[in-house]
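Accompanying notes for the structure given below.
Read the figures in this text as sums done on the coordinates, not as results from a lab. Nothing here was measured: the structure is a model prediction, and the numbers come from that model. Cβ coordinates were reconstructed from backbone atoms using ideal geometry, including for glycine residues, and neighbour counts include every protein chain displayed.
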Amino acid sequence: MNPAPSRMLLEGVLRGRSTNLPELNALVQLLPEPSLLIYGEKSDVAAVNSAYLQLTAFSLSDIRGKSAADLFEASRRVEFKPGMETTMPAARHKKISLPMRVKATALGSDSPWLLLTLLEPGEDIQERQRQMDALFKAIIDLMQLDDSRELSEVLDEIMRITRSVVGSDLICMYQAESGKPELTKVKTYETSVAFPSVLPSTDLIRLSEPSIWSPGKRVLTELHRAGRMDNLSYIATAPIGEKDALFGLLVVSDPTHQPGEFTLEALQIIASFITRLVQHQMLIENLREDIQTKVDWLNVRSGVLENVQEGVLLLNLDLKIIEINPAAEWMFGYANWEVKNVSVENILIGSERILPSISTAAQGVASHNISNLSLNRRNGQSFPAQMRVIPVQKNEQVLAVLVFISDISEHEEIKARTQQLEHRAVLGDFANVFAHEVRNPINNISTGVQLIASRLPQDDPNQEVLERVQGDCLRLNALMESVLAFSRPLPKQDELIDLNDLLKKIVDRWYPRMAKVEVKPIFQENLKIPKVMGNWRSLEQVFTNLISNAVEAMEKTGGTLAIKIDQCKVAERLHVEVSISDTGPGIPEEIRKRLFEPFVTNKSGGTGLGLAITKRIVIAHRGNIDVSSVPGGTIFKVTLPVSDGD
């Protein structure tokens with residue numbers, strides 16, 4: 001054995017590695033020739049392989065503590081040096097010593113380690129040495145493979161290494177597919193197609209041990225049958241995987257040459273490397289999936305905490321805050337980083353029932369509904385809240401405490417608003433009945449007043465009093481009519497309406513009145529707008545009321561009334577928008593905020609129900625109405641959804 005290949009082998013192994021004995025011992029065990037690993041000037045034996053034990057019949061206990069010179073029966077004491085090659089008798093246990101050719105190889109420059117290889121003197125040393133050198137180099141190449149690359153790339157490199165060892169151009173790797181009773185060819189190095197693309201799974205069962213098939217032997221598998229049909233000189237196979245969990249097959253063949261002496265050993269070593277490689281890759285893949293799963297769950301947890309409307313506080317068993325979510329930050333006015341490692345009693349302030357419930361949860365007992373709490377924000381403002389306290393447990397051991405807090409301020413406001421609306425509904429029903437009952441007496445009073453006035457002379461001083469009473473009756477009757485109109489059910493919206501046509505007719509009807517008070521109408525038609533679904537009379541009442549209010553606002557000074565029709569999108573749905581603007585004095589801010597509420601008006605003789613009825617009709621048509629006003633002008637905007645057919 002030449003020094004160069006061995007040095008290449010072990011220097012490659014030791015480069016970047018520690019020279020520890022278990023690692024070197026594992027390497028010596030891979031050598032097919034009887035070998036010893038010795039150390040230092042005294043040539044102490046550090047390791048031997050199984051081939052040496054088989055040759056000499058020694059046991060490990062026989063060799064322990066001996067030097068290399070003790071294992072050879074030489075006429076003088078031998079000093080082993082790097083590059084030495086000599087023939088001497090090798091001692092054997094209770095047997096005659098056996099002449100062997102001994103070769104010493106240094107394990108790296110200036111290394112105290114030497115490898116002694118025993119060769120039979122009569123064999124063809126050069127060819128055997130060539131095969132051994134190729135095997136050693138293959139082992140080095142396999143050990144230096146970068147398994148961080150993709151598995152397919154590494155397997156391609158292994159195919160190349162296998163070819164350099166066995167000297168064949170017919171190399172193939174099969175792999176079992178889960179759920180299928182067959183082996184699929186996944187990697188190949190073939191100058192011509194010799195191996196089938198698919199093998200039955202029974203081939204792996206029958207080739208579960210390393211073997212070499214040659215023509216003349218019994219055909220046991222489909223692989224052997226293919227080799228016989230292609231006149232291959234041999235087929236060498238080695239299973240891939242653990243003994244009870246094989247998942248692949250490494251195959252080598254040649255059409256003309258016989259297998260080398262170490263072909264089967266080489267396949268075993270390479271198959272072992274592939275097994276470890278695949279197991280390593282599977283472990284990495286499983287770890288990646290596990291990490292990705294954990295990352296996904298962390299993202300889910302983060303998403304839940306960030307978007308949940310409840311305030312969430314995570315506490316350790318010392319009842320100090322680990323983390324709070326954005327809802328809790330907003331609720332209490334603290335940032336997450338400000339409250340970390342702060343005692344929870346310094347944040348949840350306001351009720352004596354809080355800390356006992358949290359302390360109980362730290363012992364493993366949950367409190368699912370703690371209501372009627374009053375908590376304080378950072379600025380001292382209090383708010384009503386509900387709270388749940390839940391222990392986080394694993395195997396009955398409490399790890400942390402979760403506190404869920406709901407701010408029920410809005411709920412309380414809605415509750416109060418609902419009660420107010422209920423009261424208003426009752427009042428509305430009462431007003432409806434009241435209007436019906438009062439209208440008849442008002443009519444009777446009005447008739448009586450007219451009768452009395454007709455019987456008195458025109459210059460009677462009581463005529464003025466009767467006229468005022470008659471005016472009050474008319475005003476009360478108009479108010480009752482408005483109340484009844486407000487409480488009356490709206491008609492069904494069941495016809496397509498062209499707002500251009502509707503508004504044009506209203507403007508034409510009001511034109512004489514506008515001309516009388518010097519109001520100039522500007523009507524911008526839009527023939528491209530679609531129609532809306534609604535009730536003609538109801539929408540006519542809406543726009544008549546808005547135009548009437550605008551004209552009345554300008555009747556003393558005159559002005560301009562502008563009506564514009566356009567289209568817009570509200571919540572991704574197409575709407576028609578009608579703008580009615582005037583150049584009147586504007587609406588005071590204190591009235592504008594409550595303009596669409598019943599009985600709110602800035603007109604001296606108004607009932608305050610006109611705009612309330614207007615808004616009720618618009619909302620019934622699934623639309624919206626709003627107002628903007630400044631001194632010198634007011635704009636009402638009505639938006640109505642277009643017909644589904646359009």
Theoretical gain in end-to-end length, residue 523 to residue 59 [0.36 nm per residue, Cα-Cα removed]: 155.5 nm
For segment 98-233, with +1 on Lys and Arg beta carbons and -1 on Asp and Glu, the positive-most of 117, 178, 210 along the dipole: 210
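With respect to the cross-link table entries 528/615; 528/564; 531/637; 66/94; 137/217; 103/137, which display a Cα-Cα separation exceeding 21 Å?
Violating the 21 Å Cα-Cα cut-off are 528/615; 137/217.
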Distance between segment 511-580 and segment 48-68 - C-alpha centres, whole angstrom: 111
Kirkwood estimate for segment 228-299, i.e. one over the average of 1/r between Cα atoms, Å: 14.8
Nonlocal amide H pairs with residue 183, under 5 Å, H built at 1.01 Å: 199, 201
For the chain, Kirkwood radius (reciprocal of mean inverse C-alpha pair distance, Å): 36.7
Cα-based radius of gyration of segment 285-407 once divided by 2.2 N^0.38 Å, which approximates compact folds: 1.12
Structure-based [θ]222 nm, the chain - -39500 (n - 2.57) summed over DSSP H runs of at least 4, per residue, nearest 500: -14000 deg cm²/dmol
Length released on extending from residue 541 to residue 366, taking residue separation times 0.36 nm less the Cα-Cα span: 57.0 nm
Sequence-distant aspartates and glutamates (8 or more away, or on other chains) whose Cα lies within less than 20 Å of residue 294: 285, 306, 323
Label-point gap, in nm, between residue 410 and residue 336 - each point 7 angstrom along Cα→Cβ: 2.2
Share of Cα-Cα pairs in segment 192-330 lying beyond 22 Å, as whole percent: 59
